[in-house]
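Here is the structure we will look at.
What follows draws every value from the coordinates through simple rules; no lab data is involved. Keep in mind that what you see is a predicted model, and the values were worked out from it rather than measured. Here the Cβ is made from the backbone with ideal geometry for all residues, glycine too, and neighbour counts use every protein chain on show.
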Amino acid sequence: MTKDNSGNLFKNTFKEEGTKQPDYKGEVMINGTMMKASLWVNKDKNGNPYFGLGFQSMEDAAKYSKANSNSTPKPKFENDDIPF
């Protein structure tokens, strides 16, 4: 169970190069509300690294996830493709 005003981030192993996907993702509890958290490792104009953070309600994250999963075409399998 996550304690209030804390959370965990994990490396996004599904990140595709060249996308705006976060480098780390996880969940945090802020003032008793569970939220999705995202972290990007960025560089400023002088090349110095810094972290960018984003938070999203669990409801909004679920809506976004559902919307994206509906737009991704699922592969079709034809009987001719099965080798047995």
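Worth pointing out:
- Length gained on full extension, Ala62 to Asp23: 12.1 nm, using 0.36 nm per residue less the C-alpha separation.
- Amide hydrogen proximity for Glu27: with H placed 1.01 Å from N in the peptide plane, the residues at 5 or more positions away or on another chain lying under 5 Å are Asn8, Ala37.
- The protection proxy used here, the mean number of other Cβ atoms lying within 10 Å of each residue, ranks peptides 35-45, 13-23, 56-66 as follows, highest first: 35-45, 56-66, 13-23.
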